[in-house]
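The values are calculated or read from the model by the stated rules, or taken from the named source; none is laboratory data. Note that the structure is predicted; figures quoted are calculated from it, not measured. Positions of Cβ are generated from backbone atoms using ideal geometry, with glycine treated the same way; all protein chains shown enter the neighbour counts. Accessible surface is based on the protein model in full, side chains and every heavy atom, while ligands, DNA and RNA are left aside. Shrake-Rupley method; radii C 1.70, N 1.55, O 1.52, S 1.80 Å.
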Amino acid sequence: MAKRELGPAALRVAQAVAARLPQEDFVVGCSGGADSVALTLGAQWAVRRKGTTFRALIVDHGLQGGSAQVAQAVAASLEERGIDAHVVAVDVNTGSDGVEAAARDARLAALEETGRPVLLGHTLDDQAENVLLGLLRGSGARSLAGMAEERGPFIRPLLGLRRTDTVAACHDWGVTPWHDPMNEDTAYSRVRTRRLLGLIGDELGRDVAPALARTAGLLRADADLLDQMAAELVPDPRQPAVAVAASLPDAIRGRVLHRFLSAHGVEPTHAMVASVDALLTHWRGQGPLAMPGGAVARRDGYLWFDQKDTV
C-alpha cells in the first residue's frame, strides 16, 4: 500500500510507528482494541519499507467468559490481512495491587518472554490517565513520569497520538476493533480515572490530557537523572554504607533506599522507605524493621537485609 493510499489518521499512526521501528524483528502486543489494532496495521505498513518482520501476539488473560474465542477471532482477523498472529494464554494471579495490575504484569511478562523488542499501543490519553492516577494515589515523581517511549524491550510509538487518532485510523483501514467491556466497568480504577479526566476537562472547559502528558515528560527527565545519580553514588544497592546514604539529599537518598529494598525482593511502599530512612537520619538505637521476607537492620556501619530464615 503506497503512502498516498492511507487515510490521514492511518498515515499519522503508520508514520509514528515507522519512526520508532526496531532494526530487528519484533513483536506487537495486540488486544484487538482500536489502539493496538492501529499499531499492528501501522507496523505492517512500516516493515514493508524497513525489511524487518514482526509477529502480533494476542494475550488471553482468561478474565472473561469467551476470552479465548475473542483472542482467536482477533488473531484470525489479523491473519486475513497477512499478519503473523498468535494467541498466548496467561494465568493472572491477583495480588495486593488488584486484578488490573496483575493482568498487566502477566501480559508484559508474556510479551517480554519472546526475547524481541515489543511494540505497545499506549496513546497520549493513556499517559494522561497514568499521571492522574499517580496524583490521586499521592505517588512520587517516578510514577507521575508515566510511561517512557522506550524502556527495556518495550517501545510505545503512539504516545504522541490521541485515542481518537487510533479509532479514526481503524476506520481508514476498514477494520472494526473489538470493544472490551472491561473498559466500561467502573469497578476498575482506570475506568473511573478516565471518566474523571473527562469531567475535569468539561469543568475547566479545555482538554487537560496534553498538559498531563507534558508533565509526565518533564518529570521523567528529572526522575531519570536522579535515578542515575543514586546508582552512581551507591553502586551496590544491596548493602549501602550508612554514612554515605545518610549524607545524601532527600531526593537521592529515597531512591537509594528504594533500590536497596528492591534488590532484596521487596516491592517498596512510601511507608517502607520512610521507616528505613529513619534508621539513617533519626538513629536512636532502633531494632530491626520487619519487611516482607525479612527485616532491615543497621549494624557495622551498613544497612543489612536479614532474610526471614535468618532473622
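Worth pointing out:
- Number of positions in segment 255-311 that are more than 27 Å from R137 (Cα to Cα), open to solvent by 80 Å² or more (accessible area, probe 1.4 Å) and acidic (D, E): 2
- Subset of segment 242-265 [closer than 14 Å to M291 by Cβ and of a type outside the set (A, V, I, L, M, F, W, C)]: H258, S262, H264, G265
- If you go through segment 4-29 and keep only what is within 15 Å of R116 (Cα to Cα) and either under 20 Å from the mean Cα position of the chain (by Cα) or part of a helix (DSSP H, G or I) (or both), you end up with R20, L21, P22, F26, V27, V28, G29.
- Search result, residues across segment 53-72 that are surrounded by fewer than 14 Cβ atoms within 10 Å (Cβ to Cβ) and either hydroxyl-bearing (S, T, Y) or part of a helix (DSSP H, G or I) (or both): T53, A68, Q69
- No other residue among A46, A76 is surrounded by 16 or more Cβ atoms within 10 Å (Cβ to Cβ) and either at pLDDT 95 or above or aliphatic (A, V, I, L, M) (or both) apart from A46.
- Residues in segment 1-41 that are out of contact with any Phe, Trp or Tyr (no Cβ under 8 Å at 6 or more places or on another chain) and charged (D, E, K, R) were compared, and the one that is nearest to Q69 (Cα to Cα) is D35.
- Cross-chain or 6+ apart pairs with Cβ under 6 Å, segment 106-122 first and at negative phi, then in a loop (DSSP other than H, G, I, E, B) and basic (K, R): L120/R156; H122/R156
- Of all residue pairs spaced 6 or more apart or on separate chains, those with beta-carbon atoms under 6 Å, a first member in segment 190-212 that is among the acidic types (D, E) and a second member that is surrounded by 13 or more Cβ atoms within 10 Å (Cβ to Cβ) and in a helix (DSSP H, G or I) are D207/G201.
- Odd one out for Q23 among (1) open to solvent by less than 70 Å² (accessible area, probe 1.4 Å); (2) modelled with pLDDT of 90 or more; (3) not hydrophobic (A, V, I, L, M, F, W, C): (1)
- A230 surrounded by 17 or more Cβ atoms within 10 Å (Cβ to Cβ) and either out of contact with any helix residue (DSSP H, G or I) (no Cβ under 8 Å at 6 or more places or on another chain) or assigned to a helix (DSSP H, G or I) (or both): yes
- Residues of segment 271-287 classified as farther than 14 Å from L261 by Cα and in contact with a strand residue (DSSP E or B) (Cβ under 8 Å, 6 or more places away or on another chain), total: 4
- Of the residues making up segment 278-295, those that are touching a helix residue (DSSP H, G or I) at 6+ places or on another chain (Cβ under 6 Å) and under 26 Å from A101 (Cβ atoms) number 3.
- Hits in segment 139-163 - residues which are free of Cβ contacts under 8 Å to residues at least 24 places away in the same chain and out of contact with any helix residue (DSSP H, G or I) (no Cβ under 6 Å at 6 or more places or on another chain): S139, R151
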